[in-house]
Amino acid sequence: MAGDTTAQRPWPVRHLAPKVADHIAKMPWVWVEGQVLNLKRWNQRVFCTLRDTDVDMSLRVVVDAHVVDRLDLRDGAHLVVHVRPELYARRGELTFAADRVELVGLGELLARIEHLRGVLGAEGLFDPARKKPLPFFPQVVGLVCAQQGDAEHDVVTNARARWPGVRFEVRRVTVQGAHAVPQVVAALVDLDADPQVDVLVVARGGGSFEDLLPFSNEALVRAAAACRTPLVSAIGHEMDHPLLDLVADVRASTPTDAGKRVVPDVTAERAALVQSRTRVRRAVDRRLVTEHQRLDLLRTRPVLVRPWTLLDPHTQALATARDRVARAVTTRVTEATADLSRLSTALHTLSPQATLDRGYAVVRLGDGTVLRRRTQVRVGDHLTIRLAEGQVPADVTRKPRTT
């Protein structure tokens, strides 16, 4: 038993391998689907790799040649295979023996693409609102194209014919078959991470429906949707519509069309610039002529010929106002002078000084109190007599008599 083995009492390989093979042989037959890769025939048997189209995972499949002779089997074909795992004990290799093989038909593939289109569309990956506009003057264009073919030439030649200064970062990959999806995805991720790349272009020339299947692959479509850089899809010809066209920010009908879309036409831009400058100059000239005419018209108006006439009414009003003010001030001063003379006379008449001038005097006690009654005086008091001019001191030497 396996539990009885120890480091001192191990099983030999010849003992373990058959047991593993027997255990694997108990697994049931199962139908699996994948894409054919590395197809080879040897000694009446067919060997191939069956690869998953969405992830990097594959199985080694072996089938008798007579099972697949009726099929047009080649690399890139989609198969449904009835397999069971087998362990080749001598080498410890795990393979999958097949007894039935079916090609996935065109109708089946179309149905799967339509189903995937619905799923991705429901997630919003094809929503026009999420599409990014292309930059007007891209400095660097990231191009994903075939290792050999006309797509690169069509994009680069047409773009540089329109804008000679544009630069390209080219990633040449496999654009059909089992390796297309991972290589295109890796190229997109690499170029999208480059801060100098302003726009991405995925270009491929024409091909059969099966050749263009990688560009409807879910993993590739999701990678394109995740790109932060604006993406142009130029796959096949006008009638071809892989799912990459729907998720891309711009769809170009051909690689040639993509080369024209990603950059402006320098000749057309220069012509438009010259035309715009001409229109602006003409508009400015017309405006200047119009304004000169308006200025000449304004200058002929009386108010501009003799502008001081505008001040005549105000000058007359100001003179009238000045006269009124002068008369009002003179009248007021005269009245105030008369009032002042009258008040001066009254003040002089009522003034104590006037009384003194008539010969009267004001007598004050030593504390300044005005003397009004004789009973206020005592012998020895010091008095001050106020006259019209100056004052005289006096002393009380005897008590005044009663009259």
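The values are calculated or read from the model by the stated rules, or taken from the named source; none is laboratory data. All figures in this text were calculated on a predicted structure; none of them were measured in a lab. Because the Cβ atoms are built from the backbone with ideal geometry, glycine has one as well, and the counts that use them run over all protein chains shown. For accessibility, only protein heavy atoms count, side chains too; no ligands or nucleic acids. Shrake-Rupley method; radii C 1.70, N 1.55, O 1.52, S 1.80 Å.
Brief remarks follow.
- Top positive-direction residue, dipole computed over the chain with Cβ charges, set Val30, Gln44, Phe209: Phe209
- Cβ-placed point charges (K, R +1; D, E -1), dipole of the chain about Cα centre in debye, nearest 20: 4100 debye
- For region 352-392: relative contact order, % (alpha-carbon pairs under 8 angstrom, 6 or more apart): 46 percent
- Each of the peptides 253-259, 389-395 was scored by the mean count of other Cβ atoms within 10 Å over its residues; in descending order, highest first, they stand as 253-259, 389-395.
- Relative contact order of region 288-403, defined on C-alpha pairs under 8 angstrom at six or more residues apart (%): 14 percent
- With protein chains left intact and a 1.4 Å probe, residues in the chain average 66 Å² of accessible area per residue.
- Packing-based ranking, highest mean first, of 169-179, 284-294 given that Cβ atoms within 10 Å are counted: 169-179, 284-294
- Gaussian network model of the chain, Cα within-10 Å springs - most flexible of Arg222, Arg372, Arg324: Arg372
- Reported label for calculated Kirkwood radius over Cα pairs in Å given (1) 22.1; (2) 33.0; (3) 26.0: (2)
- Choice from Leu16, Leu79, Leu350 showing the highest fluctuation, given a GNM over the chain with Cα pairs closer than 10 Å: Leu350
- Relative contact order computed over region 13-126 (Cα-Cα under 8 Å; 6+ residues apart), in percent: 25 percent
- Scoring 210-217, 156-163 by mean Cβ neighbours within 10 Å over their residues and listing the highest first yields 210-217, 156-163.
- Under a Gaussian network description of the chain, with springs only between Cα atoms under 10 Å, the residue in Thr384, Thr229, Thr95 that fluctuates furthest is Thr384.
- The helix-only estimate of mean residue ellipticity at 222 nm for the chain, built from DSSP H runs of length n ≥ 4 each weighted as -39500 (n - 2.57), is -13000 deg cm²/dmol after division by the residue total.
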